[in-house]
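Take a look at the structure set out below.
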Amino acid sequence: MADTGNPTGIGASVKRKEDFRFLTGQGTYTDDIKRPGQAYAYILRSPHAHAEIVKIDTARAKAMPGVVAIFTGADYDKGGVPCGWQIHSKDGSPMVEPPHFPLCKDRVRHVGDQVALVIGESLAQARDAAEAIAVTYKELPAIVSTADADKPGAAQVWPDAKNNTCFDWHLGDKAAVDAAFAKAHHVTKIDIVNQRLAPNAMEPRAAIGDYDRATGEYTLYTTSQNPHVIRLLMGAFVLQIPEHKLRVVAPDVGGGFGSKIFHYSEEALVTWAAAKVRRPVKWTSDRSEAFISDAQGRDHVSHAELALDKDGKFLALRVSTKANMGAYLSTFAPCVPTYLSATLLAGVYTTPAIYAEVKAVFTNTVAVDAYRGAGRPETTYLLERLVEKAARETGIDRVELRRKNFIPKDAFPYQTPVALQYDSGDYFSTLDIALKRADWAGFEARRAEAKKRGKLRGIGISTYIEACGIAPSAVVGSLGARAGLYECGSIRVHPTGSVTVFTGTHSHGQGHETTFAQLVSDTLGVPFDSVEVSHGDTNKIPFGMGTYGSRSLAVGGSALVKAMDKIIAKATRIAAHLMEASAADVEFKNGEFSVKGTDKKVPFGQVALTAYVPHNYPITELEPGLEETAFYDPLNFTYPGGCHICEVEIDPDTGVTQVAKFTAVDDIGRVINPMIVEGQVHGGVVQGIGQALLENCAYDNESGQLLTGSYMDYTMPRADDVPSIDVATHNTMCTHNPLGSKGVGEVGAIGSPPAVINAVLDALLPVGVKDITMPATPVKVWQAIQSAGSAKAAE
Amino acid sequence: MPTVKMTVNGKPVSAEVEARTLLVHFLREHLDLTGTHVGCDTAQCGACTVHVGGKAVKSCNMLAVQADGAEVTTIEGLATGDTLHPMQEAFRDHHGLQCGFCTPGMVMSAIDLVKRKADLSEAEIRAGLEGNICRCTGYHNIVKAVQAGAAATRGR
Ligand code: FES
Ligand code: FES
């Protein structure tokens with residue numbers, strides 16, 4: 001696989017196929033779908049963080065105009081929503097897995113927990129009726145704090161989870177780490193909070209359940225990143241609908257960032273209710289509802305210690321983390337702080353001994369699960385803050401300290417002490433390129449210039465690695481995954497030579513319809529416009545795992561390559577027959593089959609036609625038709641990495657931090673469409689800047705109320721909060737997949753937060769501020785400056 | 001129930017609606033113009049932006065009856081056949097959209113923005129789009145698209 005110079009091929013910034021429909025308002029998002037006779041669902045949610053449901057009186061509500069049906073926990077007769085990953089504690093015991101019913105039976109466990117489903121002729125009528133439901137609650141004490149959840153006296157979320165502990169897990173060689181610390185020259189310690197975030201895809205979740213009495217078939221339209229996973233979880237575990245009677249369609253989806261991976265109970269509710277009321281039932285979340293029902297992200301509290309020798313070489317690392325699961329276990333929640341987080345603690349460094357322990361706790365908050373980066377931003381933030389602090393403490397230059405400890409370019413494949421084996425990378429080059437593009441050398445002059453204007457300027461760096469394309473299935477299975485993590489791809493060559501591509505991945509902004517068409521068009525030599533990519537409908541595509549963890553190209557694209565290998569192998573035999581040659585002598589290049597050393601050739605299109613009109617055809621040896629499917633199970637994770645540099649300017653009078661410049665140099669392996677790749681990095685970096693400076697899910701400690709439940713309170717990055725971003729790549733190829741691609745969806749959100757905070761702390765160094773928590777809001781920065789000032793004055 | 005009459009994308013429409021019906025729901029539910037999106041419930045995100053009387057308006061923040069008699073343009077009314085409006089074209093050329101959900105509102109706001117002032121700096125574009133949230137693009141390419149769209153609109 002190499003760039004071919006083809007203007008619509010691999011390596012070309014082809015304009016997107018999907019844009020015309022989106023730009024003209026013709027996208028079809030779930031809420032745009034109207035099924036004939038559809039009724040509207042409204043979900044009555046708990047106003048309390050923790051309470052007993054004493055009584056629900058629906059009599060008055062049921063009599064209201066336009067009410068089709070009202071269901072409560074007592075009516076719901078199907079299963080709970082399952083968790084997809086099982087973690088075992090240090091002592092070998094399995095994690096505590098509480099039941100999660102779509103409608104609460106006797107107790108609510110977070111603000112937003114589901115109490116009743118109201119179905120009306122219109123949404124307004126359903127809403128009106130919901131307001132007339134009288135629920136008597138007995139309020140209970142609530143716990144929301146990650147740090148305090150396992151402390152004695154904390155309110156208990158689940159009877160089976162003693163001290164609110166879901167699991168207490170560890171990884172690594174504790175004895176080796178303790179021994180290394182014993183002989184350390186210097187130990188750097190840090191406490192890190194990775195705050196809770198709301199993913200906030202701009203399209204709120206929605207789901208339509210539809211039931212066909214004639215065939216007994218159910219259809220669920222849903223805002224999902226992985227329709228097959230939803231079909232499997234909901235069909236097999238929740239509603240007991242066999243898969244051949246259940247179709248799940250994820251049409252155009254307006255962003256996911258992880259939050260639309262999970263099987264949500266609303267999906268089960270509308271599907272279940274559709275059969276009950278014998279009408280399609282549509283539910284659409286509003287934004288306030290999204291804040292109290294979409295799985296949230298991050299929420300880790302950690303303590304970390306790094307042991308260094310006298311030259312600044314890292315000897316050992318130990319990390320202890322508490323991870324908040326929320327009130328219920330969302331689909332992949334348990335793997336985020338464990339196998340997606342702790343396994344990356346080597347980072348880009350040669351640290352020989354690492355030990356991590358992770359305690360997962362239940363609280364009276366919305367469930368927490370994967371959000372862009374899932375576990376890897378948490379680890380990267382912790383490591384890069386720690387390394388920065390070590391540099392300050394030892395007096396070694398922060399760039400030099402990183403270089404000293406980088407895994408050398410010739411050390412790959414590199415086995416880390418925490419399970420992963422990195423296949424390729426070049427951290428020195430991504431660092432050097434980033435330093436140059438960011439004009440690191442010229443920074444002190446800019447700092448001095450800013451100082452003249454009364455501003456505090458700082459520069460920060462992060463060098464990171466992440467693991468993508470989660471796999472191989474056998475490995476993740478042994479680590480607790482209850483699913484395989486391969487991907488499928490089908491190539492259907494039509495008689496006239498055009499091609500439909502079926503992929504199990506799902507595009508919700510990533511532009512697969514374009515990228516995959518480039519890959520297929522270039523490989524098969526058919527025009528770009530003759531390739532259509534189909535995804536998101538379980539009735540059309542083979543069983544696929546969907547899109548998350550930056551896996552679509554590395555895993556899904558590889559499946560397509562495997563399917564195309566089969567197509568080319570078969571087509572070669574057909575072509576050989578047509579040219580009366582031996583298949584061994586036939587070559588395929590630029591959409592043409594030719595016999596080596598002769599001028600005989602036949603175009604791909606003619607071979608396709610012959611496959612479907614097999615008049616002159618090796619029919620005794622070959623089946624007609626030209627359509628192939630492949631399932632690709634990766635051999636390893638992929639390891640994108642790179643260097644992010646951020647420059648900020650702080651106004652000490654207001655505490656406002658302005659990002660003056662951001663440079664991202666990433667190693668993502670083979671690139672199919674550079675324009676799309678850059679867009680992915682831009683978006684990820686701005687989410688990372690959002691985490692560093694603006695965003696936070698704040699809960700009130702006493703009442704358990706979410707204080708940031710709308711865009712009035714939760715600060716989303718807006719156009720005037722962020723700068724334009726300098727993006728470059730320096731790519732080494734993934735060595736174990738046929739494309740060499742590593743994945744790009746998450747790098748921006750992983751590398752950026754520590755770069756921003758390291759820059760903020762660099763800016764605040766002259767005024768004596770040594771630590772700050774995310775988000776570094778103006779009030780926090782201002783207060784830090786004030787208290788550092790009064791501490792100085794007191795000295 | 002009150003009757004509303006307005007011109008939407010050049011076509012006269014009229015319907016009986018509940019008085020509380022928001023303009024955005026009127027467009028989406030009654031007229032099936034689902035290109036206008038709803039991204040929030042606090043008039044913060046701009047996904048619902050349309051033009052009313054030639055000005056960008058958050059249609060979630062206006063009742064349908066308030067638009068009685070008005071000229072309304074939605075994202076569906078911008079292109080002429082298959083020929084995109086220069087701003088739409090610029091968004092496509094500069095990859096100013098990913099999932100496409102914020103896009104209709106973003107394009108409608110951008111058109112209004114460049115109409116109000118021809119020669120906008122990057123900072124002015126960023127400030128001008130402050131009422132539209134995009135979670136996908138990081139705004140980088142949206143800004144480039146608006147710059148290009150402004151130039152193309154001027155040249156038209
Ligand atoms: S839907 Fe109108 S501003 Fe968000
Ligand atoms: S393109 Fe997805 S929100 Fe803007």
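The values are calculated or read from the model by the stated rules, or taken from the named source; none is laboratory data. The model shown is predicted, which means the values in this text are computed figures rather than measured ones. Neighbour counts are summed over all protein chains in view; Cβ atoms, including those assigned to glycine, are modelled from backbone coordinates with ideal geometry.
Quick rundown of the values:
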| quantity | calculated |
| --- | --- |
| Count of residues meeting criterion [touching a Lys or Arg at 6+ places or on another chain (Cβ under 8 Å) and within 16 Å of ligand 1 (Cβ to nearest atom)] in the stretch B:133-156 | 1 |
| Index of the failed condition, B:Gly81 passing every other in (1) in contact with a strand residue (DSSP E or B) (Cβ under 7 Å, 6 or more places away or on another chain); (2) more than 16 Å from ligand 1 (Cβ to nearest atom) | (1) |
| Filter result (at the interface with chain A (Cβ under 9 Å from one of its Cβ atoms) and either in contact with a His (Cβ under 8 Å, 6 or more places away or on another chain) or among the polar types (S, T, N, Q) (or both)) within the stretch B:60-104 | B:Thr74, B:Leu78, B:Ala79, B:Gln88, B:Gln98, B:Cys99, B:Phe101, B:Cys102, B:Thr103, B:Pro104 |
| Count of the stretch A:73-91 residues which are farther than 30 Å from A:Glu357 by Cβ and buried (at least 20 other Cβ atoms within 10 Å of the Cβ) | 1 |
| Residues (away from ligand 2 (no atom under 16 Å from the Cβ) and crowded, with 18+ Cβ neighbours inside 10 Å) located in the stretch B:66-92 | B:Ala67, B:Ala70, B:Val72, B:Thr73, B:Thr74, B:Glu76, B:Gly77, B:Leu78, B:Leu84, B:His85, B:Pro86, B:Glu89 |
| Qualifying positions in the stretch A:700-726 - in a strand (DSSP E or B) and surrounded by fewer than 24 Cβ atoms within 10 Å (Cβ to Cβ) | A:Asp726 |
| Selection count, the stretch A:283-314, where residues are surrounded by 24 or more Cβ atoms within 10 Å (Cβ to Cβ) and basic (Lys, Arg) | 1 |
| Members of the stretch A:402-426 that are touching a Lys or Arg at 6+ places or on another chain (Cβ under 8 Å) and in a helix (DSSP H, G or I) | A:Lys404, A:Asn405 |
| Scan of the stretch A:427-453 for residues that are crowded, with 16+ Cβ neighbours inside 10 Å and farther than 30 Å from A:Tyr414 by Cα, ordered by number | A:Phe443, A:Arg446, A:Arg447, A:Ala450 |
| Options B:Gly105, B:Gly96, B:Gly131; residue that is in contact (Cβ under 8 Å) with a residue 40 or more places away in the chain, in a helix (DSSP H, G or I) and within 16 Å of ligand 2 (Cβ to nearest atom) | B:Gly105 |
| Residue in the stretch B:1-28 that is nearest to B:Ile111 (Cα to Cα), counting only those that are within 9 Å of another protein chain (Cβ to nearest Cβ) and surrounded by fewer than 18 Cβ atoms within 10 Å (Cβ to Cβ) | B:Arg20 |
| Evaluation of B:Gln44 against (1) in contact with a Ser or Thr (Cβ under 8 Å, 6 or more places away or on another chain); (2) away from every other protein chain (no Cβ under 12 Å) (one fails), failing number | (2) |
| Condition broken by B:Ala145, with the remaining ones in (1) touching a residue at least 24 places away in the same chain (Cβ under 8 Å); (2) more than 16 Å from the chain's Cα centre (by Cα); (3) more than 7 Å from every other protein chain (Cβ to nearest Cβ) satisfied | (2) |
| Filter result for A:Ile750 (within 14 Å of chain B (Cβ to nearest Cβ) and under 25 Å from A:Leu197 (Cβ atoms)) | no |
| Of all residues in the stretch A:484-512 being touching a residue at least 40 places away in the same chain (Cβ under 8 Å) and surrounded by fewer than 20 Cβ atoms within 10 Å (Cβ to Cβ), the one that is nearest to the chain's Cα centre (by Cα) | A:Gly484 |
| Candidate set from the stretch B:30-50 (those that are buried (at least 18 other Cβ atoms within 10 Å of the Cβ) and polar (S, T, N, Q)); member that is farthest from ligand 1 (Cβ to nearest atom) | B:Thr34 |
| The stretch B:105-125, subset charged (D, E, K, R), more than 10 Å from every other protein chain (Cβ to nearest Cβ) and away from ligand 1 (no atom under 16 Å from the Cβ), residue surrounded by the fewest Cβ atoms within 10 Å (Cβ to Cβ) | B:Asp119 |
| Hey, A:Phe516 crowded, with 24+ Cβ neighbours inside 10 Å, more than 14 Å from chain B (Cβ to nearest Cβ) and not in a helix (DSSP H, G or I) or not | no |
| Residue within the stretch A:60-69 that is within 14 Å of another protein chain (Cβ to nearest Cβ), in a loop (DSSP other than H, G, I, E, B) and out of contact with any Asp or Glu (no Cβ under 7 Å at 6 or more places or on another chain) present | yes |
| Residues that are more than 16 Å from A:Leu103 (Cβ to Cβ) and either more than 14 Å from chain B (Cβ to nearest Cβ) or in a loop (DSSP other than H, G, I, E, B) (or both), drawn from the stretch A:23-46 | A:Thr24, A:Gly25, A:Gln26, A:Gly27, A:Thr28, A:Ile33, A:Lys34, A:Arg35, A:Pro36, A:Gly37, A:Gln38 |
| Which listed residue, of A:Glu378, A:Glu393, A:Glu384, A:Glu400, is surrounded by fewer than 24 Cβ atoms within 10 Å (Cβ to Cβ), under 23 Å from A:Val177 (Cα atoms) and charged (D, E, K, R) | A:Glu393 |
| Residue within the stretch A:673-688 that is part of a loop (DSSP other than H, G, I, E, B) and at pLDDT 95 or above present | yes |
| Qualifying residue in the stretch A:711-722 (condition: more than 19 Å from A:Phe257 (Cα to Cα), touching an Asp or Glu at 6+ places or on another chain (Cβ under 9 Å) and of a type in the set (Ser, Thr, Tyr)) | no |
| Criterion: within 16 Å of ligand 1 (Cβ to nearest atom) and within 30 Å of A:Pro199 (Cβ to Cβ) - qualifying residue of B:Gly96, B:Gly128 | B:Gly128 |
| Index of the failed condition, B:Ala70 passing every other in (1) away from ligand 1 (no atom under 11 Å from the Cβ); (2) of a type outside the set (D, E, K, R); (3) without any contact (Cβ under 8 Å) to a residue 60 or more places away in the chain | (3) |
| Exclusive hit being touching a strand residue (DSSP E or B) at 6+ places or on another chain (Cβ under 9 Å), outside the structural domain of A:Pro47 (by TED's automatic domain parsing) and small (Gly, Ala, Ser), set A:Gly704, A:Gly690 | A:Gly690 |
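Matching residues to (1) touching an Asp or Glu at 6+ places or on another chain (Cβ under 7 Å); (2) in contact (Cβ under 8 Å) with a residue 24 or more places away in the chain; (3) within 14 Å of another protein chain (Cβ to nearest Cβ):
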residue: A:Arg670; (1), (2), (3): no, yes, no
residue: A:Met675; (1), (2), (3): no, yes, yes
residue: A:His682; (1), (2), (3): no, yes, yes
residue: A:Gln687; (1), (2), (3): no, yes, yes
residue: A:Leu694; (1), (2), (3): yes, yes, yes
residue: A:Leu739; (1), (2), (3): no, yes, no
